[in-house]
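The values are calculated or read from the model by the stated rules, or taken from the named source; none is laboratory data. Source: prediction; values computed, not measured. Neighbour counts are summed over all protein chains in view; Cβ atoms, including those assigned to glycine, are modelled from backbone coordinates with ideal geometry.
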Amino acid sequence: MERIAPLLLLVLSACGLTPPPAEPLVPVPAAPAAEEPAGVACRPADHALERGPVPFAVGDTLVGWTVDEVQADHIEFVRVFFDKGGTATGIEVRYQEGDPDEWSTELYRLMPAPALQPPEELLKATMGLLRAHQGEPFVRAVTEAEGEWAGLPPCEEG
């Protein structure tokens, strides 16, 4: 390689071409460390979205169904599981994205919890409760987060 470089320079000069001036190699400083490493896929707890009070609590009853469990660990939805005489079912309340209809309000959309089929009487009673609860939303779109954490789900604690 040491022999070829001078020869290449001679050929380039003979053709009227000159190589660009060599720039000294200078180390580029590393970018300052970010608050979180690249590729973070969740929003830290101290950047949590505010949630209004959830209108369901264990032990509450709705048309004869008793609330057995309330899962409110995701800001985008709340799942409520009911029991009536040993029969279990559940509903899910999500934030509303479109126009209200029979199963939604301005803020909420009601649906069966995954793989469950709650009776219509429970769904209708739940819709009545949701229509009455139009204050501070208890479910929100993840995209409502602001800043660098916008659109990210909450990090799981543990």
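Within the range 118-140, count every residue that is closer than 18 Å to Gln71 by Cβ and either surrounded by fewer than 13 Cβ atoms within 10 Å (Cβ to Cβ) or in contact with a Pro (Cβ under 7 Å, 6 or more places away or on another chain) (or both). Adding up the residues that qualify gives 4. Considering only the range 138-149, I want to know if a residue exists there that is in contact with a strand residue (DSSP E or B) (Cβ under 7 Å, 6 or more places away or on another chain) and at pLDDT 90 or above. Looking for residues that are in contact with a strand residue (DSSP E or B) (Cβ under 7 Å, 6 or more places away or on another chain) and at pLDDT 90 or above, one finds at least one in the range 138-149, hence yes. Being modelled with pLDDT under 95 and in a loop (DSSP other than H, G, I, E, B) is the filter; apply it to the range 56-85 and report the residue that is surrounded by the fewest Cβ atoms within 10 Å (Cβ to Cβ). Within the range 56-85, the match that is surrounded by the fewest Cβ atoms within 10 Å (Cβ to Cβ) is Glu76.
Residues of the range 104-136 that are at pLDDT below 95, in contact with a helix residue (DSSP H, G or I) (Cβ under 9 Å, 6 or more places away or on another chain), assigned to a loop (DSSP other than H, G, I, E, B) and not β-branched (Val, Ile, Thr): Leu107 alone.
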